[in-house]
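The values are calculated or read from the model by the stated rules, or taken from the named source; none is laboratory data. Quick caveat: nothing in here was measured; it's all calculated off a predicted structure. Every residue, glycine among them, receives a Cβ derived from its backbone with ideal geometry; neighbour counts consider all protein chains shown. Ligands, DNA and RNA are stripped out before the accessible areas are found, and what is left, the full protein with its side chains, is counted by its heavy atoms. Shrake-Rupley method; radii C 1.70, N 1.55, O 1.52, S 1.80 Å.
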Amino acid sequence: MENLLKYVNILQRSKQMELEYDIVGRNLIVRVSEELDDHNAKCIAGGIDKLIRHHNIKNIIFDFKKTSFMDSSGIGVIFSKYKSIKNIGGNVVITNVDRSVERLLKLAGIYKIIHKYENMETALKVCR
Amino acid sequence: MKYQNEMKVEFDSQSQNEAFARVVISAMVAQLDPTLEELSDIKTAVSEAVTNAIIHGYEECEGKVHMLCKIYDSTIYIEVKDYGKGIEDIEKARVPLYTSKPELDRSGMGFTVMETFMDEVEIESKAGIGTKVMMRKKLESIDK
Ligand SMILES: Nc1ncnc2c1ncn2[C@@H]1O[C@H](COP(=O)(O)OP(=O)(O)OP(=O)(O)O)[C@@H](O)[C@H]1O
Ligand SMILES: [Mg+2]
């Protein structure tokens, strides 16, 4: 029952996009929402594209700290942003990954091309 | 332990209903006291099937997605059905990384995710008629 209430909460909140961005130097930090599915992925992808264009972004750091659910739509976003960032010579990294997100990233083979860092501090050090 | 229950829902093919479908299936599975991992597996598989029905089955059109869930003893059976465009080549669709919509940032991992997280995944589909995805998983946590 507790679980159910939690999900109902998420459902209500997902109406207002809880996605946040931060820009540190030429790094775009994407604080991914609690659930990353097809519905949220569309908003994230559009938001990132705009910011890359307007702020001379070179690297993207996906921060999964809040994220407890992700499906293949999230994989699609990460791969697609990886491609566009590689085109401009930048880097995509991820951080703060929980167990369920980790299983999906592994299954999709994301770690063959994208690095994961334990926390934001380390990720930011690497992305310079 | 013997337990039997069944439910059926029908909802519009809108992307916000992907979260709705996950809530519904979680509530159903929660009755069985699953492990967090089992719950997450089932939610993810359902999310994949429902998303496929919405973006591939119905594309831009409106339609209804049907979801059925049955519990027999410790096994959960889930069916997700659409009356959309159907799949012409099911074998090809199941190949990891195959997607018919690369322009939409799809990764082609949906069926692979369902197959990994569920014990069994069957697809029935006819072009122009629709698609039915049937999945089964035995919850190990229940026998204890
Ligand atoms: N309900 C459906 N109706 C019509 N076609 C479908 C349906 N489900 C899947 N397909 C077809 O099967 C292909 C593979 O599906 P799959 O879920 O594995 O990948 P995807 O949806 O393209 O990408 P991803 O799930 O990673 O976002 C799809 O690209 C689509 O062509
Ligand atoms: Mg899919």
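Here are the numbers for this structure:
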{"quantity": "Filter result (β-branched (Val, Ile, Thr), farther than 23 Å from residue B:17 by Cα and within 9 Å of the chain's Cα centre (by Cα)) within the stretch A:25-69", "calculated": "A:29, A:30, A:60, A:61"}
{"quantity": "Pairs where the first residue, in the stretch A:35-63, is more than 10 Å from every other protein chain (Cβ to nearest Cβ) and of a type in the set (D, E, K, R) and the second is open to solvent by 10 Å² or more (accessible area, probe 1.4 Å) and assigned to a loop (DSSP other than H, G, I, E, B), C-beta under 9 Å, 6+ apart", "calculated": "A:58/A:25; A:58/A:26; A:58/A:88; A:58/A:89; A:63/A:96"}
{"quantity": "Every residue from the stretch A:113-128 that is assigned to a loop (DSSP other than H, G, I, E, B) and either more than 21 Å from residue A:98 (Cβ to Cβ) or in contact (Cβ under 8 Å) with a residue 24 or more places away in the chain (or both)", "calculated": "A:113, A:114, A:119, A:127, A:128"}
{"quantity": "The stretch A:97-116, subset more than 11 Å from chain B (Cβ to nearest Cβ) and open to solvent by 40 Å² or more (accessible area, probe 1.4 Å), residue farthest from the chain's Cα centre (by Cα)", "calculated": "A:112"}
{"quantity": "Set B:40, B:107: member being of a type in the set (Ser, Thr, Tyr) and modelled with pLDDT under 95", "calculated": "B:107"}
{"quantity": "Complete set of residues in the stretch A:31-59 that are surrounded by fewer than 24 Cβ atoms within 10 Å (Cβ to Cβ) and assigned to a strand (DSSP E or B)", "calculated": "A:31, A:59"}
{"quantity": "Residues satisfying the stated conditions in the stretch B:92-135, i.e. in a helix (DSSP H, G or I), within 8 Å of ligand 1 (Cβ to nearest atom) and of a type in the set (Phe, Trp, Tyr)", "calculated": "B:111"}
{"quantity": "Close pairs from the stretch B:98-123: first more than 9 Å from chain A (Cβ to nearest Cβ), partner of a type in the set (Ser, Thr, Tyr), Cβ under 8 Å, at least 6 apart", "calculated": "B:123/B:131"}
{"quantity": "The stretch B:31-65: number of residues that are assigned to a helix (DSSP H, G or I) and touching a Leu at 6+ places or on another chain (Cβ under 6 Å)", "calculated": "1"}
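Every residue, every condition in (1) surrounded by 16 or more Cβ atoms within 10 Å (Cβ to Cβ); (2) within 16 Å of ligand 2 (Cβ to nearest atom); (3) under 23 Å from residue B:20 (Cβ atoms), yes or no:
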residue: B:60; (1), (2), (3): no, no, yes
residue: B:72; (1), (2), (3): no, no, no
residue: B:76; (1), (2), (3): yes, no, yes
residue: B:79; (1), (2), (3): yes, no, yes
residue: B:89; (1), (2), (3): no, yes, no
residue: B:93; (1), (2), (3): yes, yes, no
residue: B:99; (1), (2), (3): yes, yes, no
residue: B:125; (1), (2), (3): yes, yes, no
residue: B:133; (1), (2), (3): yes, yes, yes
